[in-house]
Structure formats: structure tokens, C-alpha cells
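The values are calculated or read from the model by the stated rules, or taken from the named source; none is laboratory data. A quick note: this is a predicted structure, and the numbers were derived from the prediction, not measured. Positions of Cβ are backbone-derived with ideal geometry, glycine not excepted, and every protein chain shown enters the neighbour counts. When the accessible area is computed, the model is the full protein with side chains, heavy atoms only, and any ligands, DNA or RNA have been set aside. Shrake-Rupley method; radii C 1.70, N 1.55, O 1.52, S 1.80 Å.
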Amino acid sequence: MISFRFHAIKPARIAAFILILVFSSLLSFAQIPVPAQAPQPPAYQWPRSHNYDVQHYRIELSFDWTKQSVKGETTITFQPFNDDVREIEVDAGNMTIKSVKLAGGAPLKFRYADNEKLYVTLDKVYPAGKDVSVAIGYDATPKQGLTFITPSEADPTRPYQIWSQGEARTNHYWFPCYDYPNDKATSELVATVDEKYQVISNGSLIGVQRNASNKTKTFDWKMDRPFSSYLVSIIVGEYEEVKDEFKGKPVISYVYPGQAEDGRVSFGKLAQMVAFYSQKIGYDYPYAKYVQTMVRDFGGAMENITATTMTDNAVHDKRAALDISSDEIASHELAHQWFGDLLTCRHWGEIWLNESFATFFEALWKEHDKGKDDFLYEMYGNQQGYFQAWNQGNRRPIVTNRYSDPDAVFDAYAYPRGGAVLSMLRFTLGEDQFWKAINHYVKKNQWQNVETSDLSAAIEEATGQNLEWFFDEWVYRMGHPEFEITSSYDGAKALKLTVKQTQKPDEKRPWFHSPDFFRMPVDIAVTTSSGEQIHRVWIDKPENEFTFEVDSKPLIVNFDRGNYIIKQVKFNRSDDELAYQLLHDSDTMGRVLAAISLKGHPGDAVTKALGEAATHDSFWGGRVEAVKGLAELKTDATRAALLEAVKDKDSRVRREAIKGLGSFKDAKLADLFTKIIDTDPSYFAIAEAARALGQSGAPQAYDVLASTIKMPSWQSTIQAGALGGLAALKDPRSLDAGLKYAAPGNPTTLRGAAFQTLAEVGKGNDRALEVLLSALKEKSLQIRFNALQALGKLGDQRAIPALEEFAKSPDIPPFAKQFITGAINQIKNAKPPEEKKN
């Protein structure tokens, strides 16, 4: 599903049609007090049983744009598993069933239950393994699974589009099917649309028939290899092609008319990714084509087989490419064509075999394209994404059959933790053995459903290594090691290291188990005056002692060189030791972690080391972390160091330095921020400078921000930054801008920023309250949750009844209700605003 950035390192980008809404909401609600809730044991979700095996779907469709409905006939060809099958159960949500019959034959009896299940009585008992074809005629007005995009009064520029989203279990709302991953079938999709539109679907385009009588076209797409039904997709719209190829197979990005140049900027490396993955996996891209198609209001991307659906926000211009890249989302979804589509998890509790692999391969492309340091920094971000979830109380094993519903497992365990575990697996096996195992795993299980046991078996078959212990502690059980490390140097050229595991079982969740202790290989790097020595050791009991011969007193002791292990460490070292490591460690992650450890530590020596690292570290991420450390210390020395970091050639470092300077809230810095707004090539640096200018409270800030808000930029990045500056400035004159950009028709990100402006300057204002309450009723969950956050900050008691009704909405994810309760409590505790009848 979606490539979702769960990283602490960079802003959320990322994640699944559902995930992007869920997790971006989690991240944005950091300021809302969430009431503590005792964990409850999730229900068991056993893999689904079925009495027939689908062989093929033939889906014929036409659409009514006005009614936003579909008229279709789906022919399901299946084979009974047993000789006594008299009735089959088909998933068919909220449909009007017009007819059920044998394909080309007699009508069949059926019953339709709960607007969800279609039970078809066969005309006779068929032998096991014999093909039977049943044709189902139906009408549907889907509320999920199939989305119609049309212009609106608020935004007449919206395109006409239709797109599907099947994962985890919503395809059966637009065509009858067996809607669970543990069955694979081939497909044919035949769709008739207005002649100006294209239809993009799975597999190969067999033909396009022009129907002159009613000015329509009928597209016929066929996928001749088996795949799970949630990957069936359709997109209808107007597009321009950005073409490439891999070994004669088309590799195409479908962008909106007029976007071809930006499409090449955004997706110019796509064919290179196909070639890289084919080589690395040892299994060439196996389908007739690969396309990715942009659509509106899609919260990320979805790896439909041969035909990824992707948010149109992924298309960016050359200037935006200074800060962002669509390589992440593109490489993630492409990786799914092997891991998720060619090999598909047998049940949703094994979703890591889809999503964690895509997360890992996304980072692997970055390693190939940018270098090893970027890979390791990405994996650090994955680890931090997992720790964030763990600390928030979201705790489970990666593989489990206990969860509330399939959507609940698309979380930090399926994405960042699982990706980090695969990086650990690579570290444990070694490069050659790891790729030998992956190649065998893919070839052995191609076109099949898989479970973790299949991966474990493939590793042993390919390498001779039994890694049941690895999967037991890192995949089937939950948690991570907490190390307490002590070191001593006896002066006789011996370094003694004691490594103790101190983690405790989670007694609040006895239904999930943690290992008694974790075992793993670890690289310990010891640097002395003569250089660095790396020692591979095994942690294999609750407390280990290691002794290393050294030629002089150690200058750096780097436990887990490269930071491969998911862990928390207590290793008391002095500021001087950390400062030395920050400036001299040959391991990039050693320097990064030293900068993080020094964050907030006072002292001239620390400031000097962080300042030097902020401007001279060879890795941009090291400079970013040093800048973050400086920003914690509000001194003249750290301010001077941040002023140097603002000159960095990498906009990611400049942005962090601007953010740090903004936290000084110093009007004397206003001229600097204004200069950045006028001259910096980065949209995002300008936006950060606008926010910092607002924080400065300088007299000229309002006028500069009022001008900045008119600057055009990709996805209104600069405008959103200017609104953030106005929110920080809290100037009452900002109300009009907040109201203007909070209105429907503006981009979602811009509206979210405007909501925050209203929360700051609209207290007691009827119009501000009305705009935010109205947003609660919109279709977009992201808009609704942004409005919720703003209402909590606004603190107007009159919002409480609407929020209580909002909590009852059927489409609100269960976890989100705690945030609604938190917003209500925030309002109740707020100081009543003065009413302004505007």
C-alpha cells in the first residue's frame, strides 16, 4: 500500500489510502491531550476459509457520473474444492443484484444478506477442480472502494476521474468477488467511458473499441497471471504519458495534460528502479508493463498489480526537487510488484511480507542512488517511527492473528519496524547470503500466497542457516532490547565491556509475548590513537562481558556500528567523549547518534563541537542533527553557529537552522528571515523563514508575511509557511487571510495551515468557529482532523456539541475517538474567549 514516511527525521509523506489519514492525524495531534486508556485484548482474526478457488474474473463496467454509480456484470470462473459444494459465498457490498446465472446459461437462485454477502445456489453439484462460471449483474453506488472525482462549486478546476482502492477489503463494493488475499485469479476488465477519457487497469490493453453512436470508447484490459482480488484496479481520466522502458516493456507515468515536464522531473528514475530491483532480486520484472497513474484526493499510493495508483501530489517541479523527491513513493510501490503482488501475504496478519519489504526496498534504492549513509539514516528514522508507536502504547508483534480489523495492522509494525527488521536480517546473514536467500524466496514462491514460515524456510534452503530464533524474537514476539552498557579500561591495554539487557515484559498486554532476552550479532568498533578496530560479537544471554585488546586508551567505543539493531541504549559517556566521537568517528551513524546524545547539553565544549559538526560533517544528516542540538541551547554561541549553518548548500540543513533561529523569537533576526524569503531558491526554506519571521514578532513581520502569502509555489508550500508565520505572530489582522485560505477550494495543506491561523487569531470569532465546524462535515478525513486540532486550540465551548456528534460518525477510525475526546477536554480546560460578533 502507500509508502508512508513514519520517520522522525523528516515530515510525514507517507503511507496507504487509509494509513496516510490515520498516521498523519496521529502526528498532527501531538498538541491534543489524549486520555489514557487501558489496553484491551484484540479479537482473533483467523485466515479466511472458502469452498471454491477463483480462476478468473471478467468485469464489465459502465458509469453514471451524475449518480456516481456503476452498472456492471462480473463473471466469476471458479473451481470447487470439494465434490459437495452446492452454494458459494461472494462478497458484494451495498449492491442491487439484478441477475445471477450460469455464464451463457440458466438463471441461478441466490439470496443477498446484510447488503454484504451474495449466496449463490448452484444448479447442481460440480466435481472438485472443474471450472464453473457464474455471471452476476448488478448496480452499485459505492461509498468506498470506488471514488468519483468531479468539479465542485468551491473548486471548479477539479478533474473528472474515477479511481478504485481495494486494499484491504473494499473492491467488493464495485465488483462482486472473493475479497480476501488468500486466493489468486487472472482478470479481464472491460469498461466503457466517454470518448475523451482513458481507462487504465491491470495487465495488457487488448483493445479499444470506438462507439460512434454514443461517443464512447470501450477499453479491454487483461491480466493473464494470477493475483489477489484487492489488487484489481481501474482509473478513468484524462492523461499525458511520460514514457520509458525496461527490456522492451513499457514503463509509464500517467500525469495530467501539461505536466509532462514535471512528470519527468518527478519520475525520471523509474525505469532505472525497475532495472535495479530486477538485478538485485535476481528476478526480472515479471509483467507486460508497469504504469503509475496520478489521481486527485488519493492519500498516498497503492501497488495495484502492473498499475500503481498514486496521489497527484507526487508530481513536483524542478525547484521543489531541491527539498523533496518522489523517488521514495515510486520505489516503494514498485517494490510491491514483487513483494505484495508476485508474492502476496496469505492473510492480513502477515502484511509485513508486503509492506516491510517495500519499506526496506525503498531504502535500498536510496542506498543505491544516494549512498550507504542515506540508507542507514533512513533506517534510523524507521527505528524512531517504531519507538514513537511503542511509546504511545501501540504494541504488538509484527506477525499476529489478533487485531481489530485488517486496516489496524497497516501501522508502525508493518512499515518502519518491519523495514528495520529486514535491514537487521541482511546484517545478520551478510550481503551475499541475504541476496541468495531473497532470490530463492521469490523464485520458489512466485505467483503464490506466502507466510513468514515460507521466508524462513527459503533462507535455510538457500544458505543452510536456520534463523527460527531471529523470527521468533523479532517477528513473532514484540519489544526490543534495552541495553545498559558499562566500559572500563585497566590501563594494561584491555577494554572490558559489560552489556546487560534490562527490558521488562509488558504486563498490561499478556496476550502478546516478549522474548526473555534478545540474541543477535553486534559490531563493536573501538577507536584508539592508531585507528579503528571492529569486533563482531554475539549477544546471547541477559548479560554479556567482552574484553578487547587495545594498544592505548580507547577514544571511541561505538556499540552497534552502523546502528543496525533496534534497541535503546544507556551508555554513560562524558560530554567530552561524545564530542570527540561527533567530530572523529568514521561511522556516520556514530556521529549522528553522538549529536543526538549531546542535544540540550550546555557547555562551551559541546557548543563548539556541535557548531563544527553543523558546518563540516560530510553527511547532510549529521549536519541536521548537530543543528537540532544547537537549537536546544539559546546562547549567543549557538546562535552564531546557527547563523553559519543557514549558509549550508543543502536546503535540508538550512531549513533546520532557520527553524532553530526562529525559536529564539528575536526581532533582530527579522532582516535575515526577510532576506531568505526574498532570495532562497528553496520553497521549503522560504516557508520556514516565514514561520520564523512570525515567531520573531518584529514590527515589519505582518507586512512581509502578507506579501509572502501571495508567492506561488508547489503545493502552496510558501503560502502555508506564511500562514504559519501569521499564526505565530497572532496579529488580529491575520483573521481575513485565515478565513480566505481555510475555505473549500484551496489545497488541503494550505487549508490546514489556515485552520491553525484561525485557532490563534480567531478566538471568540463567530466566523472562525463557523468555518472550522463546517470543515468537520466535509468528506476528507484529513480536513476534518485538521479542523479538530484547530478547534481544540481555539477553545470555544460552542464547538463541543459538534465534536460529540463528530465522534459518532461511522467513518471515523476507532482509534481517532480518543483524539476527539482529547480535543473536547482541551476546550473545557481553555480560558473562555471574548466573543467577537464578526
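At-a-glance table
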| read-out | value |
| --- | --- |
| Every residue from segment 239-272 that is under 10 Å from residue 292 (Cβ atoms) and among the aliphatic types (A, V, I, L, M) | 242, 251, 252, 255, 270 |
| Selection count where residues are farther than 11 Å from residue 659 by Cα and either surrounded by fewer than 21 Cβ atoms within 10 Å (Cβ to Cβ) or among the hydroxyl-bearing types (Ser, Thr, Tyr) (or both), scope segment 618-631 | 3 |
| Residue 159 vs. criteria under 18 Å from residue 54 (Cα atoms), surrounded by fewer than 21 Cβ atoms within 10 Å (Cβ to Cβ) and touching a residue at least 24 places away in the same chain (Cβ under 8 Å) | no |
| Sole exception among (1) over 30 Å from the mean Cα position of the chain (by Cα); (2) free of Cβ contacts under 8 Å to residues at least 12 places away in the same chain; (3) in a loop (DSSP other than H, G, I, E, B) for residue 675, by number | (3) |
| Extreme residue, most open to solvent (accessible area, probe 1.4 Å), among residues of segment 678-719 that are assigned to a loop (DSSP other than H, G, I, E, B) and closer than 29 Å to residue 313 by Cα | 710 |
| Residue, nearest to residue 779 (Cα to Cα), within segment 144-176, restricted to residues that are touching a helix residue (DSSP H, G or I) at 6+ places or on another chain (Cβ under 7 Å) and assigned to a loop (DSSP other than H, G, I, E, B) | 144 |
| Which listed residue, of 328, 355, 350, is of a type in the set (D, E, K, R), over 17 Å from residue 255 (Cα atoms) and open to solvent by 20 Å² or more (accessible area, probe 1.4 Å) | 328 |
| Answer residue from segment 299-314, given it is open to solvent by less than 10 Å² (accessible area, probe 1.4 Å) and in a loop (DSSP other than H, G, I, E, B) and is nearest to residue 241 (Cα to Cα) among those | 306 |
| Members of segment 656-675 that are open to solvent by 10 Å² or more (accessible area, probe 1.4 Å) and not charged (D, E, K, R) | 663, 664, 667, 672, 674 |
| Criterion: open to solvent by 60 Å² or more (accessible area, probe 1.4 Å), closer than 30 Å to residue 352 by Cα and outside any strand (DSSP E or B) - qualifying residue of 516, 551 | 516 |
| Residues of segment 729-744 classified as open to solvent by 40 Å² or more (accessible area, probe 1.4 Å) and either farther than 17 Å from residue 793 by Cβ or touching a residue at least 40 places away in the same chain (Cβ under 8 Å) (or both), total | 4 |
| Residue ranges of strands (runs of 3 or more DSSP E) in segment 86-138 with at least 2 members in contact with a helix residue (DSSP H, G or I) (Cβ under 9 Å, 6 or more places away or on another chain) and in contact (Cβ under 8 Å) with a residue 24 or more places away in the chain | 87-91 |
| Some residue of segment 331-344 being within 29 Å of residue 169 (Cα to Cα), among the hydroxyl-bearing types (Ser, Thr, Tyr) and touching a strand residue (DSSP E or B) at 6+ places or on another chain (Cβ under 8 Å) | yes |
| Condition met for residue 478 (more than 22 Å from residue 562 (Cα to Cα), touching a residue at least 12 places away in the same chain (Cβ under 8 Å) and open to solvent by less than 20 Å² (accessible area, probe 1.4 Å)) | yes |
| Hey, residue 538 touching a residue at least 12 places away in the same chain (Cβ under 8 Å), within 34 Å of the chain's Cα centre (by Cα) and either surrounded by fewer than 12 Cβ atoms within 10 Å (Cβ to Cβ) or in a strand (DSSP E or B) (or both) or not | yes |
| Some residue of segment 386-398 being of a type in the set (Phe, Trp, Tyr), part of a helix (DSSP H, G or I), touching a helix residue (DSSP H, G or I) at 6+ places or on another chain (Cβ under 6 Å) and buried (at least 20 other Cβ atoms within 10 Å of the Cβ) | yes |
